[in-house]
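Each reported figure results from applying straightforward, stated rules to the coordinates on display, with no laboratory input. In this text, all values refer to a predicted model and were calculated from it rather than measured experimentally. Positions of Cβ are generated from backbone atoms using ideal geometry, with glycine treated the same way; all protein chains shown enter the neighbour counts.
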Amino acid sequence: MQLQQTVRAVLALCQLAARCDVDDIRTDILDEAAVLIDVSIGLPAETRTESVAAWCRQTAGWLSRLEGIGGVDEPSLLRAQARVLRLQASADGAQQPQKRIASAVRKKRRTGTPIGEPTKGQVRILEWLRSNPGTRSGELVEHFAGDFSPRTVKRSLSNLVATGLVQRSKTETGGVRYEAAER
């Protein structure tokens with residue numbers, strides 16, 4: 001599992017580098033990817049996990065300093081941060097589901113809301129789902145049409161599912177219904 005997470009983190013860093021317009025930052029990103037490969041392959045198993053976790057902590061801090069810098073592709077940066085956090089969770093033996101980590105990173109970066117706390121819009125969607133269980137995403141989009149764009153509703157719904165506040169279920173006909181998770 002950790003090898004798979006390592007490969008994904010390296011690929012996310014390479015994608016970030018490919019979409020970066022600043023040569024020095026691109027070189028630094030590729031250097032970090034190379035260090036991760038060296039740490040993952042070149043060290044004995046007994047020290048590898050600890051070294052990977054240390055690399056993740058250092059790189060996560062370094063990636064957060066790239067936020068808001070011109071020439072750095074934000075979606076690629078968020079993806080790289082999520083992959084590094086997933087790898088760190090794997091190295092640390094954390095039990096937190098991987099989707100929750102990525103969702104929390106995206107939400108924190110976009111809204112400034114603390115990790116684990118739903119935004120005001122998500123709270124409204126959650127309240128609607130509590131009073132209207134079995135709702136389709138299209139119904140939510142229609143209901144919140146005056147307040148949120150369809151993309152915002154769907155993204156909020158996806159984040160609520162990823163954090164476990166909303167349950168997604170498929171119907172027999174292949175449709176998808178959403179309802180608030182039991183507390």
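Which ³J(HN,Hα) values in Hz, rounded to whole numbers, follow from the phi angles of the stretch 80-85 under the Karplus curve 6.51 cos²θ - 1.76 cosθ + 1.60, where θ = phi - 60° and Gly and Pro get x?
Each residue of the stretch 80-85 in turn: 5, 4, 5, 5, 5, 5 Hz.
Taking the simple approach of a point 7 Å from Cα along Cα-to-Cβ for both residue 14 and residue 50, what is their distance in nm?
Between residue 14 and residue 50, the label points sit 3.0 nm apart.
Relative contact order for the stretch 120-180: what is it in percent, counting Cα pairs under 8 Å that are at least 6 residues apart?
Computed over the stretch 120-180, the figure is 42 percent.
In nm, what is the difference between 0.36 nm times the number of residues separating residue 136 and residue 25 and their Cα-Cα distance?
35.7 nm
Please report the net charge: other residues with Cβ closer than 12 Å to the Cβ of residue 71, K and R +1, D and E -1.
-3
How far apart, in nm, are the 7 Å Cα→Cβ label points at residue 37 and residue 60?
2.5
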